[in-house]
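Undergrad: Structure incoming, see below.
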């Protein structure tokens, strides 16, 4: 199989690394608007089957020409380019997965379902960590019950050694972080979709070896799960994990308008508060500290007339600075696995569809466990 990676940033590097260690992949391409960077990443994370090249992800025609040479592609660029890449993949008859992260963008892609089906390709948005991997795990857990009362998804990317005051470091884009903290959150309550405000629903939780943490609603993590499981699951939600006190410190900055894109005058110039806020976050929260990723899905329901609880848990730590970060691994590896499943014929559906519908957990999870330590616990 031949697979292209679009974007030579952190996630693109991890995806290329994972593909380079898959003997079933005969050819890989790494493409970026910075052609020199793409070449450097090819040499560092690829192998002798890897090529690199230039691609402006906003250029549909150029993307189409490149994707014609590949069976599947992984979009590791920011989500605003994914509709264009979806159109290019359809014309090129190339399967596509992306890291998603924005509900409106995903909905625009899902509207291309008929065109993708007619072209004989599968387009799967939101295939990173959360949204992404957790949706496939949710499908797997839900299938183990006759009746599901609740699905609670908790995910966080954190520094192993937190630095005050926010006890956080950027492990993906500042724009993505603001969106999670600013946009509406969709959950299921009494089997129906409900919108709740981000950075509310604060709760405490613990992980062995880490201690007490907090979690709160953030946007995007449930992805298409509320649509897929409406009237099938009574309660479903998603919260982001942080060290204690983070929400109380960060939320007021958004409430006074720092996430707004509406320009304001400052020292005689019109500036966007969000652009300034992003620059401050990048400057103040960019550390080269080791990170960790925490994932916990708790399912409660009944099976054969008996109540039971199933817990899926991941604690993934970066080993040292010469290794991939935990966020790179847990975000890019799932996308790479799904891309190879599509290219290898293990995903037979065609169109533009959510991962929890088209990705078979019994095929996905064994591949995931090769690189990520997933633990399942059952309480009856």
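Undergrad: When you check residue 90 against the structure, is it part of a strand (DSSP E or B), surrounded by 22 or more Cβ atoms within 10 Å (Cβ to Cβ) and either in contact with a helix residue (DSSP H, G or I) (Cβ under 6 Å, 6 or more places away or on another chain) or assigned by TED's automatic domain parsing to the domain that holds residue 175 (or both), yes or no?
TA: no
Undergrad: Still on this structure, please answer the following. What is the one condition in (1) touching a residue at least 40 places away in the same chain (Cβ under 8 Å); (2) closer than 27 Å to residue 154 by Cα that residue 360 does not satisfy?
TA: It fails just one condition, (1).
Undergrad: Which is on the phi < 0 side of the Ramachandran plot, assigned to a helix (DSSP H, G or I), in contact with a helix residue (DSSP H, G or I) (Cβ under 6 Å, 6 or more places away or on another chain) and surrounded by 13 or more Cβ atoms within 10 Å (Cβ to Cβ), of 281, 249?
TA: Being on the phi < 0 side of the Ramachandran plot, assigned to a helix (DSSP H, G or I), in contact with a helix residue (DSSP H, G or I) (Cβ under 6 Å, 6 or more places away or on another chain) and surrounded by 13 or more Cβ atoms within 10 Å (Cβ to Cβ) holds for just one of 281, 249, which is 281.
Undergrad: Can you name the residue in region 55-78 that is touching a strand residue (DSSP E or B) at 6+ places or on another chain (Cβ under 7 Å) and not in a loop (DSSP other than H, G, I, E, B) and is also farthest from residue 350 (Cα to Cα) among such residues?
TA: The residue in question is 66.
Undergrad: So, one more: Sort out which residues of region 143-165 are buried (at least 21 other Cβ atoms within 10 Å of the Cβ) and within 13 Å of residue 229 (Cα to Cα), and write them in order of number.
TA: 148, 151
Undergrad: Next up: Quick one: in region 215-224, of everything that is in contact with a helix residue (DSSP H, G or I) (Cβ under 6 Å, 6 or more places away or on another chain) and modelled with pLDDT of 95 or more, which residue is farthest from residue 100 (Cα to Cα)?
TA: 216
Undergrad: Can you name every residue in region 230-246 that is in a loop (DSSP other than H, G, I, E, B) and within 21 Å of the chain's Cα centre (by Cα)?
TA: Result: 243, single match.
Undergrad: Applying the selection to region 326-347, what residues are in contact with a helix residue (DSSP H, G or I) (Cβ under 9 Å, 6 or more places away or on another chain), surrounded by fewer than 24 Cβ atoms within 10 Å (Cβ to Cβ) and in a loop (DSSP other than H, G, I, E, B)?
TA: Listed by number, the list holds a single entry, 346.
Undergrad: Does region 14-37 hold any residues that are surrounded by fewer than 24 Cβ atoms within 10 Å (Cβ to Cβ) and part of a helix (DSSP H, G or I), and which are they?
TA: 17, 20, 35, 36, 37
The values are calculated or read from the model by the stated rules, or taken from the named source; none is laboratory data. Treat the numbers as computed from the prediction; the structure is a model and nothing was measured. All Cβ positions, glycine included, derive from the backbone under ideal geometry; neighbour counts span all protein chains shown.
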